[in-house]
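Heads up: the structure comes next, in structure tokens.
The values are calculated or read from the model by the stated rules, or taken from the named source; none is laboratory data. Computed from a prediction, not measured in an experiment: that's the story for all the values here. Here the Cβ positions follow ideal geometry from the backbone for every residue, glycine too, while neighbour counts run over all protein chains shown. Just so you know, the surface numbers come from the protein's heavy atoms only, side chains and all, with ligands and any DNA or RNA stripped out. Shrake-Rupley method; radii C 1.70, N 1.55, O 1.52, S 1.80 Å.
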Amino acid sequence: MKPYLSLSSIQNDLNEGRITCVGLTNHYLKNIDEKKHLNAFVEVYREEALAKAAEVDARISDGTAGRLAGMVIGLKDVLSHKDHGLQGASKILDTFQAQFNATAVQRLLDEDAIVIGRNNCDEFAMGSSNENSAFGPVLNDADNQRVPGGSSGGSAVAVQADMCLVSLGSDTGGSVRQPAAFCGILGLKPTYSRISRHGLIAYGSSFDCIGIFSKTVEDMALVLEIAAGPDEFDSTVSASPVPSYSGSLEKLKGKKYRIACIRETIHTDGLQEEIREATRNTIENLKKNGHEVHEVDFPLLEYLLPTYYILTTAEASSNLSRYDGVKYGYRSPDSGTLETMYKNTRTEGFGEEVKRRIMLGTFVLSASYYDAYYTKAQKARRIIRDRTKKILEEYDFIVLPVTPTTAFQLGAHSADPVEMYLADLFTVQANVTGLPAVSIPNGSDREGLPIGFQVIANDFEEERLLAFSKEIMELE
Ligand code: GLN
């Protein structure tokens, strides 16, 4: 079977009787087997996916199939899928089973999506290379010596290597957009609160967003419109109505925009030369298409990472306090007293990066340092948001690279956490501000490694963002 790029081509072939959902699911299962070494899945639901595929085939014949009939998806191991393992790629959730479906997952299931398995990721979504997983690293299908990016590396590779059509990840600081860029596919982080977080394992609750990987903007738009919207289980979710993102793609075609390009991102020394060229080329092509693009200053670039890492580690230290050996998953065998149970369970159950962040977060929240770090970072967050929103008063979009480099070698940054954190330099702005952003494939470097192009839009402007992304995908 040829690799399908979009749900519409799958649905055409299903409707014409050229393929069946069972045949399609077998095709993905075969790819999963053949590319097992990539380690993109921690669990594959072979029998269950085939049984669901047979049900969907029956519904297609009697005309009752949902809108996602024929869409086979992967779920990052941070999303609750009832009666399936859920571990956040951590030993501390060993053997834990989800008790309910995440709202986003439930909505996709209700429209007949088929879940083929759960995807590997960095432990509790902390990382930029997928090397922090209790299940071992994920390899990039473009070059097996290189990382796929993180933390949603398994979800990105699953789509890249044709093991499913679409996957869900989570983006707290770039974990959908950065791996999408490293793997040459599309990645969306919606506006904060656009998709309910109910059933998403919490990392930094005021940043966490469920995001989408796909090969076409149409699929991304459709999945977003189905997953988004009000939800009684998440008090922070937005009540603003969900437009028909998929329907708007054609409607908004041909609109001309004012676009800001952040000067500091293009001129920074740390940017790989080929990414600079690819970004400039795309900007030139946008100008040729009639858009106005201006360079603007954003002198706060150097404050983005410190703000992000202070606030997310603070939130993580609080969120991860629930893993104590009492309630979920792993409990140390050496648990003679309450205190040794807590201590040993957390010492043995968490990996190095997670422990580092819990300690950092506990430190910035401690009584003597709270104002110096946490309060200050909150203020910085407000200033960064105001400054970014100011740009978006004058411009429709902000464009910038997704990452400073293309996919790096496995192990390249393992010894130095700060070096690893620099991989998020261009992605965290959208998370600190809550704005929606997308990573779009933008050619490759001399070694054939994919490059991404990033677009940030104003709050809840996914409709325009996706229509504009489609135009960028179609630039030659
Ligand atoms: N790489 C970033 C981090 O390590 C982003 C993680 C994420 O978005 N979940 O925190």
Test: residue in the stretch 60-77 that is part of a helix (DSSP H, G or I), open to solvent by less than 10 Å² (accessible area, probe 1.4 Å) and under 17 Å from Lys215 (Cβ atoms): no
Selection count, the stretch 417-476, where residues are open to solvent by 10 Å² or more (accessible area, probe 1.4 Å) and among the aromatic types (Phe, Trp, Tyr): 2
Considering residues of the stretch 361-372 that are surrounded by 15 or more Cβ atoms within 10 Å (Cβ to Cβ) and away from the ligand (no atom under 16 Å from the Cβ) only, the residue farthest from Gly204 (Cα to Cα): Phe363
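Okay, residues lined up against (1) under 14 Å from the mean Cα position of the chain (by Cα); (2) among the hydrophobic types (A, V, I, L, M, F, W, C):
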site: Glu111; (1), (2): no, no
site: Asn119; (1), (2): yes, no
site: Phe124; (1), (2): yes, yes
site: Ser128; (1), (2): yes, no
site: Gly136; (1), (2): no, no
site: Asn140; (1), (2): no, no
site: Val147; (1), (2): no, yes
site: Ala156; (1), (2): yes, yes
site: Val159; (1), (2): yes, yes
Contacts under 7 angstrom Cβ, first residue in the stretch 337-360 being within 15 Å of the ligand (Cβ to nearest atom), partner among the aromatic types (Phe, Trp, Tyr) and in a helix (DSSP H, G or I), 6 or more apart: Val354/Phe124
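Would it be correct to say that Glu292 is within 16 Å of the ligand (Cβ to nearest atom) and open to solvent by 20 Å² or more (accessible area, probe 1.4 Å)? It would help to see each step written out before you state the result.
Values: within 16 Å of the ligand (Cβ to nearest atom): no; open to solvent by 20 Å² or more (accessible area, probe 1.4 Å): yes.
No: the conditions fail for Glu292.
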Neighbours by Cβ (under 7 Å, 6+ apart or cross-chain): first from the stretch 152-166, over 11 Å from Val72 (Cα atoms) and free of Cβ contacts under 8 Å to residues at least 40 places away in the same chain; second open to solvent by 10 Å² or more (accessible area, probe 1.4 Å) and more than 16 Å from the ligand (Cβ to nearest atom): Gln160/Asp141; Gln160/Gly184
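For (1) more than 21 Å from Asp459 (Cβ to Cβ); (2) within 13 Å of the ligand (Cβ to nearest atom), each residue gets a yes or a no:
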site: Asn144; (1), (2): yes, no
site: Gly150; (1), (2): yes, yes
site: Ser155; (1), (2): yes, yes
site: Met163; (1), (2): yes, no
site: Ser175; (1), (2): no, yes
site: Pro179; (1), (2): yes, yes
site: Gly187; (1), (2): no, yes
site: Thr191; (1), (2): no, no
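Scan the helices (runs of 4 or more DSSP H) fully inside the stretch 366-476 and keep the ones with 2 or more residues being touching a residue at least 40 places away in the same chain (Cβ under 8 Å) and under 19 Å from the mean Cα position of the chain (by Cα). Quick ask: steps written out before the conclusion?
On the way: elements: 376-394, 417-421, 428-433, 462-473.
Here the list reads 417-421, 428-433, 462-473.
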